[in-house]
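Participant: Got a structure for you, written out below as structure tokens; questions coming shortly.
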Amino acid sequence: MIKPKKTRVRLSPERREHEILQYCAKIVAEQGVFAVSIEQIGKALDISKSTVYSYFPSLSDLLQELFRREMKSLRAAQQKAIQEASTIEQLVRGVTHAYLEYIDEKGLLISRLQSDPSLSSVGGPTQYGREIAVNHIAEILAEMFDIPMSIAIPGVDISFGLPEAAGQCLHRKVTDKKTIEDLTVSMILSCIHAIKDGNDVRLRLIPQRESSTNSDT
């Protein structure tokens, strides 16, 4: 018996590009960047290599576009959390929660993309909203705790690395997501308090004292 030929589904250019990116994201999240190839993508999606190349001229172009898409999506979620917060704890928790939810859904996709040398020069922090988010939080801390922006900005920027470390713990299933989120929020808040207290100490004036010995007249 002759099997009927498989009919290829015609997709709009937007849908086809999305399909290619989605499959690429799946492979990177599960196996890493090294496992992705144009041939593999074409075979899995039942399209020719030339079709894939018509959307992405090279594998590097494909990975770069995937990285841009994922970073924009993550930063949008974190920016939403920042806008909805009414307290410092809500702000910190919102940003942390958004990142952990992303990791829970997509694994270490962004981290694995960032490890690829071809992505080292893609965009910058401003493009994906990190600099905007850091400056916004730093301005809040500066106003609330009378911290100079020259201290608040690097302090907040450094603390942004904690959710990423928390995401690694979540991926390794070190403990449950709620515990990881609570620990991360506590650590970031502790950093904020340390910056505030340290700034108070550094800028505190030494009281002037009279000399203990008087010169003879």
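Participant: I'd like the full set of residues that are over 17 Å from residue 93 (Cβ atoms) and surrounded by fewer than 13 Cβ atoms within 10 Å (Cβ to Cβ), limited to segment 162-174. Don't jump to the end; show me each part of the working.
Facilitator: The first filter runs over segment 162-174 and keeps only residues over 17 Å from residue 93 (Cβ atoms), leaving 168, 171-174.
172, 173, 174, listed by residue number.
Participant: Among the candidates 15, 93, single out the residue that is touching a residue at least 12 places away in the same chain (Cβ under 8 Å), assigned to a helix (DSSP H, G or I), at negative phi and among the basic types (Lys, Arg). Spell out how you get there, then give the answer.
Facilitator: Details: 15 fails: touching a residue at least 12 places away in the same chain (Cβ under 8 Å).
Step by step, each of 15, 93 is checked, and only 93 is touching a residue at least 12 places away in the same chain (Cβ under 8 Å), assigned to a helix (DSSP H, G or I), at negative phi and among the basic types (Lys, Arg).
Participant: Then there's this: For residue 190, work out the one condition from (1) farther than 23 Å from residue 114 by Cα; (2) touching a helix residue (DSSP H, G or I) at 6+ places or on another chain (Cβ under 9 Å) it doesn't fulfil.
Facilitator: Of everything listed in (1) farther than 23 Å from residue 114 by Cα; (2) touching a helix residue (DSSP H, G or I) at 6+ places or on another chain (Cβ under 9 Å), residue 190 misses just condition (2).
Participant: Would you mind telling me which numbered condition in (1) among the acidic types (Asp, Glu); (2) open to solvent by 60 Å² or more (accessible area, probe 1.4 Å); (3) in contact (Cβ under 8 Å) with a residue 24 or more places away in the chain residue 46 fails?
Facilitator: (2)
Participant: All but one of (1) over 18 Å from residue 110 (Cβ atoms); (2) β-branched (Val, Ile, Thr); (3) open to solvent by less than 40 Å² (accessible area, probe 1.4 Å) hold for residue 87; which doesn't?
Facilitator: That leaves (3) as the condition not met.
Participant: Follow-up. Quick one: residue 78 ticks every box in (1) open to solvent by 20 Å² or more (accessible area, probe 1.4 Å); (2) more than 19 Å from residue 28 (Cβ to Cβ); (3) assigned to a helix (DSSP H, G or I) bar one, so which box is it?
Facilitator: In the conditions (1) open to solvent by 20 Å² or more (accessible area, probe 1.4 Å); (2) more than 19 Å from residue 28 (Cβ to Cβ); (3) assigned to a helix (DSSP H, G or I), residue 78 misses (1) alone.
Participant: Which of the following residues is within 24 Å of residue 71 (Cα to Cα) and surrounded by 15 or more Cβ atoms within 10 Å (Cβ to Cβ): 181, 131?
Facilitator: Numbers: 131 fails: surrounded by 15 or more Cβ atoms within 10 Å (Cβ to Cβ).
Residue meeting the stated conditions: 181.
The values are calculated or read from the model by the stated rules, or taken from the named source; none is laboratory data. The structure displayed is predicted, hence computed values, not measured ones. Here the Cβ is made from the backbone with ideal geometry for all residues, glycine too, and neighbour counts use every protein chain on show. Surface accessibility is based on the protein's heavy atoms, side chains included, excluding ligands, DNA and RNA. Shrake-Rupley method; radii C 1.70, N 1.55, O 1.52, S 1.80 Å.
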